[in-house]
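Accompanying notes for the structure given below.
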Amino acid sequence: MSKKKIVFSGVQPTGNLHLGNYLGALKNFVSLQEEMNCIYCVVDLHAITTFQNPKDLKKNVLETLASFLATGLNPDKSIIFNQSSVSGHAELAWILNCVSRIGWLNRMTQFKDKAGSDKEKASVGLYIYPNLMAADILLYKATHVPVGADQKQHLELSRDIAQKFNSDFDCKDFFPLPEPLIPKNVSRVMSLRDGNKKMSKSEESDYSRINLKDSADEITKKIKKAKSASDQIPDNLKDLEKKPEALNLMHIYSEISKISLEKVLNEMSGKEYSHLKSKLTDLLIDEITPVGKEINKLLNDKSHLELILKKGKEKANIIAEENLKIIREKVGLI
Ligand code: TRP
């Protein structure tokens, strides 16, 4: 058991998933499920670290699950469930709150970004969010964690926490130190309006992102309006990198077509960006609209989705309780 590769990852249910989630996370999840034991979690407890309208939260959990399934995650191959349904996440998070150090959390850049200028008003949950993330991973003794580049620091913290637990409770190698699996090319899909910002559901303009549920029409309009550059497509990466929006479109094209960026540059150098945009639009419509249709279809059968969550919860809970029993003993809890 201890030598097996176990993958864990989580996605927050905070509304529509977009191309960044798809290329940076979901597609990677799907390919991993063929090779390893995978556990994929809709992390609702992380979502409530900033206020969520309760009705929306419920809806968004099902919608995130539907997006998992529509991109190819298979509940017969992977364990798929929502975080709050397995109480071990919260229990282990408490134990790890007592292992993790304030100084470590104070270094987390995502808290600084998310808390904004008035940190006194951020929830305590937002501050200790990375400890809960460590609990998610360590509860299953996961060895590999597919995440975007923005989660690297949190994963390093999970490793520090695992190491300190192993040393404080004198159980060398009890928690494996989880390795990040960060996609090389597309760890960051950028906003279509600003090539220096990550594509994000919180950016105000919907034109900044391609949502998985966008229609062919919307995709066409968004790519047409996307920022690129006024000159022609260059023949080398160095020049392309000076135009972050153009680079982003090329990256997306390369990733979906599975043609390397160098080859795409070779093919397209000297052409207008409108050429890239029209090819990219066709590719995106082929790739994304079937996913959106499948999400909508799945959302029409809520009881089917709830049953998948229930079965996933049962499987996850068995592993969680098995591990927690030992963890409680190690800590000295009766
Ligand atoms: N913090 C992650 C994000 O926002 C989501 C997450 C929660 C997660 N728990 C996790 C990712 C455990 C990987 C492993 O993207």
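Taken together, the values in this text are just the output of simple stated rules run on the coordinates, not laboratory data. Just so you know, these numbers come straight off a predicted model, no measurement behind them. Ideal geometry is used to build each Cβ from the backbone, glycine not excepted, and the neighbour counts take in all protein chains shown.
Close Lys pairs in the stretch 51-182 (alpha-carbon distance under 20 Å; sequence gap of 8 or more, or different chains): 9. 3J(HN,Hα) along the stretch 69-84: 5, 5, 8, x, 5, 10, x, 7, 9, 10, 8, 10, 7, 10, 3, 5 Hz, from the Karplus curve 6.51 cos²θ - 1.76 cosθ + 1.60 with θ = phi - 60°, whole Hz, x for Gly and Pro. Structure remark: mean-square fluctuation, Gaussian network model of the chain, C-alpha springs under 10 Å; the largest value among Gly125, Gly88, Gly148 belongs to Gly125. Angle of helix 244-257 to the longest C-alpha principal axis of the chain, folded into 0 to 90 degrees and rounded to 10: 80°. As I understand it, the value is the acute angle between the Cα axis of helix 302-331 and the longest principal axis of the Cα atoms of the chain; what does it come to in degrees, rounded to 10? Helix 302-331 and the main axis of the chain meet at about 50 degrees. The ranking of Val99, Val86 by Cβ neighbour count inside 10 Å, starting from the fewest, reads Val99, Val86. Ordering Ala226, Leu249, Ile259 by the projection of their Cα atoms onto the charge dipole of the stretch 206-296, which places +1 on the Cβ of Lys and Arg and -1 on the Cβ of Asp and Glu, puts Ala226 at the extreme positive end. Cβ crowding within 10 Å ranks Ser274, Ser228 as Ser274, Ser228, fewest other Cβ atoms first.
Sequence-distant or interchain residues sharing an amide H contact under 5 Å with Met190, placed H: which? Under 5 Å from the amide H of Met190: Met199.
Built from the Cα atoms of the stretch 206-296, the convex hull projects on average onto 5.5 nm², one quarter of its surface area.
Pull out the extension gain between Ile102 and Asp206, defined as 0.36 nm times the separation in residues minus the alpha carbon to alpha carbon distance; nm, one decimal.
Working: separation 104, 0.36 × 104 = 37.44 nm, distance 3.73 nm.
Working it through step by step, the gained length comes to 33.7 nm.
Normalised by the number of residues in the chain, the mean separation of alpha-carbon contacts (under 8 Å, six or more apart) gives a relative contact order of 22 percent.
When only the Cβ of Lys, Arg, Asp and Glu is charged (+1, +1, -1, -1), the dipole of the stretch 143-273 relative to its Cα centre reaches about 300 debye. Roughly how tilted is helix 152-168, in degrees to the nearest 10 and between 0 and 90, from the longest Cα axis of the chain? For helix 152-168, the angle is close to 20 degrees. Estimated from helical segments only, the mean residue ellipticity of the chain at 222 nm is -16500 deg cm²/dmol, where each DSSP H run of four or more residues counts as -39500 (n - 2.57). Dividing the radius of gyration of the alpha carbons in the chain by their Kirkwood radius gives 0.99 for Rg/Rh.
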